[in-house]
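Structure first, then comments.
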Amino acid sequence: MSIFKYAVNPHEGEPCPTLSLTSPAQGKKAARFHSGMEGYKPTPLVSLDALASQLGLGKLWIKDESHRFGLNAFKALGGSYAMAKYLCRRLDIPLDEKAFDILRSQDTLAKLGQITFVTATDGNHGRGVAWSARLLGHKAVVYMPAGTAAERLENIRAQGAQADIMDFNYDDCVRLASRMADEQGWVLVQDTAWEGYEDIPTGIMQGYCTMAGEAAEQMAPLSPTHLFLQAGVGSMAGAVAGYFAARFEDAPPVTVVVEPDRADCHYRTALADDGKLHFVTGDMNSMMAGLCCGEPCTISWEILKCRARAFVSCGDEYSARGMRLLGRPLAGDEKIISGESGAVTAGVIHGIMTEPALAELKATLGLDESSRVLLISTEGDTDRENYRKILAGD
């Protein structure tokens, strides 16, 4: 039986005081820094015209982040930018296209000494932090939740980080990373926020705006009418939704936030609609490991609660459907290798457009042959064994 629940947001369109945090101006600043980084180039925006036609959509684009920095996921955009902001602030130097080379110079390292950055991750964020720390000449310590695939652990260790799988969930790993930062004098680089810890999470979200800006330029002169964005803590979803709402303020795209049903804190918060954040605790054993986060990022929630039209909670079967749709494409469409967390939005848009039980949601979202939908494949096959298993199924 397929699991698909949704909550329509009555607060869509209300004023959002924090929208400027992820504005196009902020995106340009982040892109300026990233352009000076080793290995930077925009990732592909693929138009799946055959699938769009089959589903009754005008356009269906997918941003393929498996090509980002050779890391098979988008996350390094956020971690690298937030770390660079922190270091540039300490040095009192501009955060621009020259910053990367300055930060990794021997003179800079002599001034700063070697810093240890610490984080918790389901895989991709920690790999990006470890990669960034290595390039900048610093250390990284990474904590990972129970059930993490061994391949994701080894990918992080390959970047020179100290990384370990713990015997508790993601949110408890975040608490451990925060405590160790306090005790050891390390710098916490976490993509979620709470009261008193907001500067670095904001920097991470601003780093993701490079990706949003690339997509907007690549689809010009067209713009998306709809965004489908997956959420773990929600920092990517909030950043991209905020960027596009600010860039196309006269006609902001309809935004749908998608989560695994076993870690659906945004859906639960929207459904309750009581002004409080609602957490998911205990085991969150969806195969969408990168989205198995039980507590929303406070900064991104402030954007999503005003910009999202609906919050979707779905089972792993929608992720598997998306992986197969992208990995075994229709004739004429390009193949995209998309992992469990990257492909779920493709499975969800397919479900909405084809399942009679979801006709009401389709109407609420205004999806039809004139719709131009943007998806982001946030990761490639970061668990290759499971990817092969899913692609081989029906």
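Given 331, 289, 343, 308, which one is more than 28 Å from residue 384 (Cα to Cα) and in the same structural domain as residue 205 (by TED's automatic domain parsing)? Write out each step before concluding.
On the way: 331 fails: more than 28 Å from residue 384 (Cα to Cα); 289 fails: more than 28 Å from residue 384 (Cα to Cα); 343 fails: more than 28 Å from residue 384 (Cα to Cα).
Answer to the selection: 308.
Can you name every residue in region 197-237 that is of a type in the set (Phe, Trp, Tyr), part of a helix (DSSP H, G or I) and surrounded by fewer than 21 Cβ atoms within 10 Å (Cβ to Cβ)?
Matches in region 197-237: none.
Residues of region 66-101 being among the hydrophobic types (A, V, I, L, M, F, W, C) and under 16 Å from residue 29 (Cβ atoms), which ones?
Selection gives 77, 82, 83, 84, 87, 88, 93, 95, 99, 100.
Out of curiosity, is residue 327 touching a Phe, Trp or Tyr at 6+ places or on another chain (Cβ under 9 Å), surrounded by fewer than 20 Cβ atoms within 10 Å (Cβ to Cβ) and not charged (D, E, K, R)?
yes
If a residue counts only when it is closer than 24 Å to residue 81 by Cβ and in contact with a strand residue (DSSP E or B) (Cβ under 8 Å, 6 or more places away or on another chain), which strands (runs of 3 or more DSSP E) contained entirely in region 111-186 have at least 3 such residues?
116-120, 139-144
Sort through 258, 280, 240 and tell me the only one that's part of a loop (DSSP other than H, G, I, E, B) and among the β-branched types (Val, Ile, Thr).
Values: 258 fails: part of a loop (DSSP other than H, G, I, E, B); 240 fails: part of a loop (DSSP other than H, G, I, E, B).
Of 258, 280, 240, the one residue that is part of a loop (DSSP other than H, G, I, E, B) and among the β-branched types (Val, Ile, Thr) is 280.
Which residue, of 302, 379, 360, 385, is surrounded by fewer than 24 Cβ atoms within 10 Å (Cβ to Cβ) and within 24 Å of residue 201 (Cβ to Cβ)? Outline the logic, then answer.
Values: 379 fails: surrounded by fewer than 24 Cβ atoms within 10 Å (Cβ to Cβ); 360 fails: within 24 Å of residue 201 (Cβ to Cβ); 385 fails: within 24 Å of residue 201 (Cβ to Cβ).
When all the criteria are applied, what remains is 302.
Please state which one of 214, 259 is of a type in the set (D, E, K, R), in contact with a strand residue (DSSP E or B) (Cβ under 9 Å, 6 or more places away or on another chain) and closer than 24 Å to residue 135 by Cα. Walk me through how you get there before you give the answer.
Values: 259 fails: closer than 24 Å to residue 135 by Cα.
When all the criteria are applied, what remains is 214.
Quick check, is residue 191 outside any helix (DSSP H, G or I), under 14 Å from residue 118 (Cα atoms), more than 19 Å from the chain's Cα centre (by Cα) and among the acidic types (Asp, Glu)? Outline the logic, then answer.
Details: outside any helix (DSSP H, G or I): yes; under 14 Å from residue 118 (Cα atoms): yes; more than 19 Å from the chain's Cα centre (by Cα): no; among the acidic types (Asp, Glu): yes.
No; evaluated as a whole, the condition is false for this residue.
The values are calculated or read from the model by the stated rules, or taken from the named source; none is laboratory data. Treat the numbers as computed from the prediction; the structure is a model and nothing was measured. Note: ideal-geometry Cβ built from the backbone for every residue, glycine included; neighbour counts use all protein chains shown.
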